[in-house]
Amino acid sequence: MVGVALTVTAGTQRRKIMKLLLENWREYLNEGITITIGKVKEMVCPKPTQDLELNTKNRNAAIKTEYIQYGPLNLADEDYWVRAAEHWNTTPDVAKKSNCSNCTAFDISPRMKECMPGPTSEPIEDKEGYLGYCWMHHFKCHSARSCYTWAAGGPISKDSVSYQWQEKNDAS
């Protein structure tokens, strides 16, 4: 009888240990899934790429704000390039070379191209250039345009760099 009691107790003990291991494993997996889902949620497309009203609001603010002056609306507008040249103390021809296409905040990574909504921005590329996302001012911008806050070093062409910009923006 004692042998049977020990077997039952040992079997019960093993089941309790297995149950505890399974519960701990389940908790561990759930935490990992929660963290992963949280990261995925954080790395969705920037809101302005999906919300035309927000994109337009941010772009219009960049056009009107004196220290930004996003433009020109019409790429043939030579007056814009004269003003930009005066701002940077250079010539209009040099100012035209400092545009979104080579700005450090201009994102044309594969993931950002997927964020560009087709119906509202077709064609994404035209004879003057292409659409990307401006991490500095938070709107879809065109590669041939510029602004007073232009900074050399772009464009962003890798998803990993795009994610870094998004993390920096989310942190601020």
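The values are calculated or read from the model by the stated rules, or taken from the named source; none is laboratory data. On a predicted model such as this, the values are computed, not experimentally measured, just so you know. Reconstructed Cβ throughout: ideal geometry from the backbone, glycine too, with neighbour counts over all protein chains shown.
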(request) Might you check whether a residue that is surrounded by 13 or more Cβ atoms within 10 Å (Cβ to Cβ), within 18 Å of the chain's Cα centre (by Cα), over 15 Å from residue 143 (Cα atoms) and of a type in the set (Val, Ile, Thr) occurs anywhere in the stretch 65-72? (result) no
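Restricting to the stretch 146-172, name every residue that is modelled with pLDDT of 90 or more, assigned to a loop (DSSP other than H, G, I, E, B) and closer than 21 Å to residue 47 by Cβ. Write out each step before concluding.
At the first step, the residues of the stretch 146-172 found to be modelled with pLDDT of 90 or more are 146-167.
Among the residues that remain, those that are also assigned to a loop (DSSP other than H, G, I, E, B) are: 147-151, 153-155, 157-158.
Those that are modelled with pLDDT of 90 or more, assigned to a loop (DSSP other than H, G, I, E, B) and closer than 21 Å to residue 47 by Cβ: 147, 149, 155.
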(message) Tell me the residue from 133, 70 that is touching a His at 6+ places or on another chain (Cβ under 8 Å) and under 22 Å from residue 47 (Cα atoms), please.
(response) 70
(request) Find the helices (runs of 4 or more DSSP H) located wholly in the stretch 36-115 whose residues include 2 or more that are farther than 27 Å from residue 159 by Cα, of a type in the set (Asp, Glu) and in contact (Cβ under 8 Å) with a residue 60 or more places away in the chain, and list them. (result) none
(request) Output the residue which, of all residues in the stretch 1-55 that are basic (Lys, Arg) and at pLDDT below 75, is nearest to residue 131 (Cα to Cα). (result) 41
